[in-house]
There are 2 protein chains.
Amino acid sequence: MKRTLSVVEYSGDEECMASIAKAISHPVRIRILKLLTSQQCCFTGELTEIIPMAQSTISQHLKALLDSGLIQGEINPPKVRYCIHRENWLKAYSMFGGFFNADLACRCDCR
Amino acid sequence: MKRTLSVVEYSGDEECMASIAKAISHPVRIRILKLLTSQQCCFTGELTEIIPMAQSTISQHLKALLDSGLIQGEINPPKVRYCIHRENWLKAYSMFGGFFNADLACRCDCR
DNA sequence: TTTATTAATCGTATATTTACGATGAACTAT
DNA sequence: ATAGTTCATCGTAAATATACGATTAATAAA
C-alpha cells in the first residue's frame with residue numbers, strides 16, 4: 001500500500017540531539033573534546049601538533065564543533081584559543097542523560 | 001613545517017563513542033529510539049505506519065541502529081519486533097554520562 | 001616594509017549517507 | 001499450490017562528509 005511520504009517534520013529536541021550527536025560522531029572530534037576538557041583549560045592549535053592530521057582538516061573539525069555549540073573560540077592573534085562552551089556542554093549533558101535515562105529503557109519481554 | 005600524517009589511531013573508547021553517536025546522529029533514528037523506549041515495550045514495523053518514510057528507508061535506519069548495538073530484533077514471522085538492547089543502552093548511558101560529566105568541563109578563563 | 005606565524009578558507013577527490021522504488025525471501029493463510 | 005504479508009536487500013541518484021594541499025587574511029616581529 002502506498003503511503004504519504006511527505007517530508008518528515010522533527011521536533012526541536014530531535015534536531016538538537018541529532019546535531020550534537022553528529023558533532024561527536026567522528027573519533028577525532030571526540031579526541032579534541034577530550035583534550036579540551038582534560039587540559040582543564042583552553043587550548044589552541046597545538047592540536048595540530050598532537051594530532052597527525054593536516055592543519056586544514058583539523059580546522060575543519062574545529063569548525064564542526066564550533067557549529068555544534070560544544071566549543072567556543074577566542075581569537076588571540078595570531079592564535080586562537082578553543083575551549084568547551086560550558087553552558088552548551090551542560091545542556092548536552094542533561095539532554096543525553098535524559099535520553100539514555102536508564103529507567104526508560106525497554107521493559108519488554110523480548111529475549 | 002611538514003608533519004607526519006600517518007594514519008591516526010583511535011582508542012576503543014573513542015571509536016565506540018563515535019559509532020554510537022553516529023547511530024543517533026539522524027533525527028529519525030532518535031525518533032525511533034524514543035518510540036522504542038516510550039512504548040515501554042517492544043515494537044515492530046508499525047514504525048512504517050507512524051513515520052512517513054519509505055519502508056526500505058526505515059529498514060535501513062533500523063539496520064544502522066542494530067549495527068550500533070542500541071537495539072535488538074526478534075524475528076516473529078512474518079513480523080519482526082524491535083526493542084532497546086538494554087545492556088548496551090546502559091553502557092551508552094554511562095559512556096555519554098562520563099563523557100559529558102559536568103565536573104570535567106572547562107575550568108578555563110576564556111570569555 | 002618585509003618576513004614569519006597562525007589559522008581559516010578554497011578547490012577538489014573520494015567515500016559515505018540518505019532517500020527512493022523494485023525485487024526477493026520467509027512465512028501464513030487459503 | 002496460490003496468494004498475501006512483512007521486511008530485508010539491491011540498485012541507484014543525490015547530498016554530505018572527510019581528507020588533502022594551496023592559498024589567503026590577520027597579526028607580530030624584524
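The values are calculated or read from the model by the stated rules, or taken from the named source; none is laboratory data. Values in this document were obtained by computation on a predicted structure and should not be read as measured data. Cβ sites come from the backbone with ideal geometry, for glycine too, and all protein chains shown count toward neighbours. For accessibility, only protein heavy atoms count, side chains too; no ligands or nucleic acids. Shrake-Rupley method; radii C 1.70, N 1.55, O 1.52, S 1.80 Å.
Worth pointing out:
- Qualifying positions in region A:68-87 - open to solvent by 40 Å² or more (accessible area, probe 1.4 Å) and not small (Gly, Ala, Ser): A:Gln72, A:Glu74, A:Ile75, A:Asn76, A:Pro77, A:Pro78, A:Lys79, A:Val80, A:Arg81, A:His85, A:Arg86, A:Glu87
- Looking across region A:30-58, the residues that are open to solvent by less than 20 Å² (accessible area, probe 1.4 Å) and at pLDDT 90 or above come down to A:Ile30, A:Ile32, A:Leu33, A:Leu36, A:Thr37, A:Leu47, A:Ile51, A:Ile58.
- Qualifying residues in region B:36-65 (those that are among the small types (Gly, Ala, Ser) and either in a helix (DSSP H, G or I) or away from DNA strand D (no atom under 12 Å from the Cβ) (or both)) - the one farthest from the other protein chains (Cβ to nearest Cβ): B:Ser59
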